[in-house]
Amino acid sequence: MDKTRPHYNLHDIVELKKPHPCGSKRWIITRTGIDFALVCQGCGHRVMMPRKTFEKAVRQHWPHGTDEPG
């Protein structure tokens with residue numbers, strides 16, 4: 001595995017560059033693989049996106065079980 005790319009797991013929290021229409025930028029990962037499934041922490045909306053798009057959009061990453069700021 002490439003050490004320069006972060007490893008994403010189920011239930012990790014990520015902050016994306018662009019906010020969701022509800023105003024939240026934080027998402028919970030519910031599926032990993034070639035595609036990622038995310039659930040908005042603000043409104044619960046679910047989206048799927050390709051790995052390449054997801055990795056470009058991530059600003060911050062909090063692994064499951066760590067304290068998330070704010």
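The values are calculated or read from the model by the stated rules, or taken from the named source; none is laboratory data. From a predicted model like this one, the values you see are computed outputs, not experimental measurements. A quick note on method: Cβ atoms are made from the backbone with ideal geometry, for glycine too, and the neighbour counts reach across all protein chains shown. When the accessible area is computed, the model is the full protein with side chains, heavy atoms only, and any ligands, DNA or RNA have been set aside. Shrake-Rupley method; radii C 1.70, N 1.55, O 1.52, S 1.80 Å.
Probe of 1.4 angstrom, ligands and nucleic acids ignored: what's the accessible area per residue over the chain, in square angstrom? Write down the numbers at each step before the final one.
Working: 4860 Å² over 70 residues.
Here the residues of the chain average 69 Å² of exposed surface.
In the chain, how many lysine pairs have Cα atoms under 16 Å apart, counting only pairs 8 or more places apart or on different chains? Intermediate results must be reported in sequence, preceding the final value.
Details: Lys17/Lys25; Lys17/Lys52; Lys17/Lys56; Lys18/Lys52; Lys18/Lys56; Lys25/Lys56.
Lysine pair count for the chain: 6.
May I ask for the equivalent-ellipsoid semi-axes of the chain, computed as the square root of five times each C-alpha gyration tensor eigenvalue and listed largest first in whole Å?
Details: eigenvalues 65, 40, 25 Å².
Here the semi-axes work out to 18, 14, 11 Å.
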Would you kindly enumerate the cysteines in the chain that have no other Cys beta-carbon under 4.7 Å from their beta-carbon? Cys40
